[in-house]
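Only one structure is covered here, and it is reproduced in the block below.
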Amino acid sequence: MQNKNKIKQLVKNNCACYLGDKHGISNYCCWKDGSCEFFGQEEPLPHCGYFENGVLPTDDKLEREYKSERSMDVERKTAKPKVNCQKCGETFSANSNRQLYCEKCRKKNHNEKSKLRMQQMRKNRLDVTL
Ligand SMILES: [Zn+2]
């Protein structure tokens with residue numbers, strides 16, 4: 001396992017269950033009520049549901065490496081919903097379900113909005129100076 005040290009580091013820094021040395025147990029995990037499995041000598045590393053769901057996603061790159069080494073399904077979580085753009089009708093991968101427009105139209109919308117804002121500002125300024 002290439003990333004064992006990185007995983008241990010992540011557990012130490014981010015796992016809410018990892019309590020260090022406690023109750024005379026080193027690398028105590030309050031979820032397992034025992035030693036954190038990632039600090040054991042087991043190869044390949046054991047699975048930990050808490051870690052995989054709650055800690056690992058904080059490190060995108062490590063998550064991908066970890067899951068591909070274990071031939072876990074990486075796509076499931078990263079798969080983006082396919083949406084049709086409300087403006088041009090093109091299918092695109094949305095980052096969220098609320099996203100209505102494709103990247104192109106979003107930029108265009110943004111530009112139009114800022115253009116409008118600029119026009120409004122100029123008008124207001126004129127109103128003031130007149
Ligand atoms: Zn579009």
Compute the separation of the alpha-carbon centres of the range 84-130 and the range 1-76 and state it in Å as a whole number.
-> 43 Å
For residue 28, enumerate residues with amide H under 5 Å from its amide H, sequence gap 5+ or separate chain, H modeled in the peptide plane.
-> 19, 20, 21, 22, 36
The chain: relative contact order from alpha carbon pairs under 8 Å, six or more residues apart, as a whole percent, is 13 percent
Kirkwood Rh (inverse of mean 1/r, distinct Cα pairs), the range 4-78, angstrom | 12.7 Å
Magnitude of the Cβ-charge dipole (Lys and Arg +1, Asp and Glu -1) of the chain about the Cα centre, nearest 20 debye, reported as 1340 debye
Subtract the Cα-Cα distance of residue 80 and residue 42 from 0.36 nm times their separation in residues, and report this length gain in nm to one decimal.
-> 10.2 nm
Sum up the lysine pairs in the range 82-129 that clear both bars: alpha-carbon distance under 26 Å and a spacing of 8 or more or different chains.
-> 16
CD proxy at 222 nm, helix term only [per DSSP H run n ≥ 4: -39500 (n - 2.57); per residue of the chain; nearest 500] = -12500 deg cm²/dmol
Heavy-atom accessible area with a 1.4 angstrom probe orders 101, 28, most exposed first, as 101, 28
Any idea what angle helix 60-69 forms with the longest principal axis of the chain, computed on alpha-carbon atoms, 0 to 90 degrees, nearest 10?
-> 50 degrees
With a sphere of radius 13 Å drawn around the Cβ of residue 88, what net charge do the other residues whose Cβ falls strictly inside it have (Lys, Arg +1; Asp, Glu -1)?
-> +3
Mind pulling the angle between the C-alpha long axis of helix 103-129 and the longest principal axis of the chain? Nearest 10 degrees, somewhere in 0 to 90.
-> 50 degrees
Return, for the Cα atoms of the range 82-129, the radius of gyration and Dmax in Å, separated by a comma.
-> 15.5, 50
If you project the alpha carbons of the chain onto the principal axes, what extent comes out on each, in Å, largest first?
-> 79, 38, 23
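The values are calculated or read from the model by the stated rules, or taken from the named source; none is laboratory data. Predicted model only: the values in this text are computed from it and were never measured. Please note: Cβ atoms are built from the backbone with ideal geometry, for glycine as well, and neighbour counts cover all protein chains shown. Side chains included, ligands, DNA and RNA excluded: accessible areas come from the protein's heavy atoms. Shrake-Rupley method; radii C 1.70, N 1.55, O 1.52, S 1.80 Å.
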